Amino acid sequence: MEFLLRRMQRKSDFPALSQSVRSINAMAQASNKDISHLAGVIVKDFALTNKILKVVNSAFYGSKKRITDVKEAIVRIGFNQTRSIVLGLSIIQ
């Protein structure tokens with residue numbers, strides 16, 4: 001536990017407690033899921049933006065065209081999958 005607390009203080013991109021994760025979770029529970037709003041939340045967190053783009057451009061998603069836009073990434077993988085990736089990244093960070 002002490003290790004995690006020290007790491008959260010030292011690493012600015014530790015998303016487990018970031019506002020981004022809280023905002024995305026709140027959006028997931030809302031009935032009107034807006035891709036533009038989700039993209040806006042992700043773009044505000046530079047580390048999260050990079051991680052989402054790395055994941056969507058990985059071999060797993062098999063895109064022939066490199067995706068550089070967060071909104072396009074969300075459309076490609078879907079709202080729920082994006083949320084799952086964000087939560088997964090917060091756990092393994």
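The values are calculated or read from the model by the stated rules, or taken from the named source; none is laboratory data. Bear in mind that the values here come from a model prediction, so they are computed numbers and not experimental data. Backbone-built Cβ (ideal geometry, glycine too); neighbour counts: all protein chains shown.
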*asked:* Quick test for you: out of S58, S31, pick the one residue that is loosely packed, with under 14 Cβ neighbours inside 10 Å and modelled with pLDDT of 85 or more.
replied: S58
*Within the stretch 72-88, can one find any residue that is loosely packed, with under 10 Cβ neighbours inside 10 Å and either at pLDDT 85 or above or touching a helix residue (DSSP H, G or I) at 6+ places or on another chain (Cβ under 7 Å) (or both)?*
no
